[in-house]
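Below is one structure, written out as structure tokens; the observations come after it.
The values are calculated or read from the model by the stated rules, or taken from the named source; none is laboratory data. Since the model is a prediction, treat every value here as computed from it, not as a measurement. Cβ coordinates were reconstructed from backbone atoms using ideal geometry, including for glycine residues, and neighbour counts include every protein chain displayed.
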There are 2 protein chains.
Amino acid sequence: MKLYDSGRSPNPRRVRIFLAEKGLSVPLVPVDLGKLEQRDGAYLAVNPRGRTPALELDDGEVITESLAICRYFEELHPEPPLFGTGPLGRARVETWQRRIELELLFPVMHVFRHTHPHMAALENPQVPAWAEANRPRVFDFLAFLDGHLRTRDFVADSFSVADITGPYTIDLMKPARLAVPEELAEVRRWHHLIAERPSAKA
Amino acid sequence: MKLYDSGRSPNPRRVRIFLAEKGLSVPLVPVDLGKLEQRDGAYLAVNPRGRTPALELDDGEVITESLAICRYFEELHPEPPLFGTGPLGRARVETWQRRIELELLFPVMHVFRHTHPHMAALENPQVPAWAEANRPRVFDFLAFLDGHLRTRDFVADSFSVADITGPYTIDLMKPARLAVPEELAEVRRWHHLIAERPSAKA
């Protein structure tokens with residue numbers, strides 16, 4: 001088994017953090033996005049969609065999409081559970097995982113990809129008006145999330161994949177030139193709490 | 001248990017089809033998006049994010065996000081399995097479910113929401129240039145999907161949630177004024193095959 005990884009890209013980092021939380025180590029194969037290696041024939045033979053990460057199994061089958069890879073490791077190595085416990089616990093993780101993706105990660109990504117000069121090759125055409133439309137959505141959701149975190153350390157019952165997606169999205173806010181407002185103390189506390197976990201360095 | 005549902009909206013339909021495939025029936029509570037009822041105080045008390053569907057359990061807890069609701073029913077009623085079987089089978093469903101969402105559903109939704117006059121209240125501001133940027137992505141992914149379907153009736157090992165998300169997205173192409181190209185015979189066959197299932201009327 002090997003994981004095609006691109007160090008600077010956000011999605012592979014999500015999988016590396018997940019693996020670190022599981023205490024797992026998988027051989028990494030670097031794909032240099034700076035050189036657009038993800039669009040080379042060699043990599044397109046692995047993942048024809050030209051996206052990283054991708055997990056190649058020993059028989060050559062490839063699993064793509066970060067969350068599909070994370071779920072696969074959750075099945076193979078259930079402890080510690082990172083997608084929740086029991087039907088309701090898993091539903092709570094999934095509700096928040098989806099909310100954070102749809103209402104925070106994707107808006108932040110849109111701001112980043114449609115404003116940052118380095119993204120011009122990947123996001124073609126860049127649409128600055130679309131970045132602007134997403135900016136207030138980021139702050140609206142962060143305020144909602146702050147209220148939710150007022151009574152808990154993690155978004156669901158215990159540390160989960162949603163607590164990976166959320167803080168890692170907040171890290172992405174910096175290159176997108178977005179900042180968590182000072183008054184959102186709970187979001188800031190949560191971000192710091194998770195940044196102190198050893199997995200954050202993965 | 002009751003499901004807040006808005007008949008004309010795409011996400012609630014995804015859950016209704018899922019329930020029909022499971023042979024399950026859940027009392028529906030209508031939320032009229034035409035009257036923007038999803039933004040009324042009464043509904044915001046159910047789902048503060050103002051989105052449908054939402055599943056309210058008997059103790060008052062609410063699960064939101066279509067896929068979180070579908071996964072919850074999969075846990076309670078595992079047969080027939082609609083998220084795949086076994087770690088690898090489930091990974092295949094998840095890979096395709098994600099690909100179809102990220103590379104087909106979301107681009108189609110962007111075209112629809114940023115061009116259709118009826119969407120002006122929900123998608124504010126509409127950014128026509130963003131709709132245009134998404135149009136070629138729809139056709140690029142459909143061509144890829146057509147190749148994948150050449151050797152199979154369903155995107156993974158058997159009918160799954162990805163075969164709900166995909167054809168339902170193709171139904172959404174019509175109001176977005178997008179059409180599956182004539183030459184993509186496999187996508188058309190797949191769409192017809194699934195439209196003939198009783199669940200398509202849900």
query = So is B:Ala131 without any contact (Cβ under 8 Å) to a residue 40 or more places away in the chain, of a type in the set (Gly, Ala, Ser) and more than 8 Å from chain A (Cβ to nearest Cβ) or not?
reply = yes
Q | Any hit, region B:73-89, residues being among the charged types (D, E, K, R) and within 13 Å of chain A (Cβ to nearest Cβ) | A | yes
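Quick test for you: out of A:Asp32, A:Asp59, pick the one residue that is without any contact (Cβ under 8 Å) to a residue 24 or more places away in the chain and surrounded by fewer than 19 Cβ atoms within 10 Å (Cβ to Cβ). It would help to see each step written out before you state the result.
Numbers: A:Asp32 fails: without any contact (Cβ under 8 Å) to a residue 24 or more places away in the chain.
Being without any contact (Cβ under 8 Å) to a residue 24 or more places away in the chain and surrounded by fewer than 19 Cβ atoms within 10 Å (Cβ to Cβ) holds for just one of A:Asp32, A:Asp59, which is A:Asp59.
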Looking at the structure I just gave you, is A:Gly147 outside the structural domain of A:Lys35 (by TED's automatic domain parsing) and free of Cβ contacts under 8 Å to residues at least 40 places away in the same chain? yes
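Residues are listed down the side, and each one gets a yes or a no for (1) among the acidic types (Asp, Glu); (2) within 12 Å of chain B (Cβ to nearest Cβ); (3) farther than 24 Å from A:Ser66 by Cα:
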{"site": "A:His116", "(1), (2), (3)": "no, no, no"}
{"site": "A:Asp140", "(1), (2), (3)": "yes, yes, yes"}
{"site": "A:Leu149", "(1), (2), (3)": "no, no, yes"}
{"site": "A:Phe154", "(1), (2), (3)": "no, no, no"}
{"site": "A:Ile164", "(1), (2), (3)": "no, no, no"}
{"site": "A:Asp171", "(1), (2), (3)": "yes, no, no"}
{"site": "A:Lys174", "(1), (2), (3)": "no, no, no"}
{"site": "A:Trp190", "(1), (2), (3)": "no, no, no"}
Matching residues in region B:56-72 (within 7 Å of another protein chain (Cβ to nearest Cβ) and either in a loop (DSSP other than H, G, I, E, B) or not basic (Lys, Arg) (or both)) number 6
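Yes/no per residue for (1) within 19 Å of the chain's Cα centre (by Cα); (2) modelled with pLDDT of 95 or more:
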{"site": "A:Lys2", "(1), (2)": "no, yes"}
{"site": "A:Lys22", "(1), (2)": "yes, yes"}
{"site": "A:Asp32", "(1), (2)": "yes, no"}
{"site": "A:Gln38", "(1), (2)": "yes, no"}
{"site": "A:Tyr43", "(1), (2)": "no, yes"}
{"site": "A:Ile63", "(1), (2)": "yes, yes"}
{"site": "A:Cys70", "(1), (2)": "yes, yes"}
{"site": "A:His77", "(1), (2)": "no, yes"}
When region A:178-202 is checked residue by residue, the ones that are of a type in the set (D, E, K, R) and either modelled with pLDDT under 95 or assigned to a loop (DSSP other than H, G, I, E, B) (or both) are A:Glu182, A:Glu183, A:Glu196, A:Arg197, A:Lys201
A:Ala42 vs (1) more than 10 Å from every other protein chain (Cβ to nearest Cβ); (2) assigned to a loop (DSSP other than H, G, I, E, B); (3) over 19 Å from A:Arg13 (Cβ atoms); (4) not acidic (Asp, Glu): all pass except (2)
Considering only helices (runs of 4 or more DSSP H) wholly within region A:78-177, the ones with at least 3 residues that are crowded, with 16+ Cβ neighbours inside 10 Å and touching an Asp or Glu at 6+ places or on another chain (Cβ under 7 Å) are A:86-100, A:128-149
Is there a residue in region A:102-109 that is more than 9 Å from every other protein chain (Cβ to nearest Cβ) and either of a type in the set (Gly, Ala, Ser) or without any contact (Cβ under 8 Å) to a residue 40 or more places away in the chain (or both)? yes
query = Could you say whether any residue in region B:17-37 is of a type in the set (A, V, I, L, M), within 9 Å of chain A (Cβ to nearest Cβ), assigned to a helix (DSSP H, G or I) and closer than 30 Å to B:Phe139 by Cβ?
reply = no
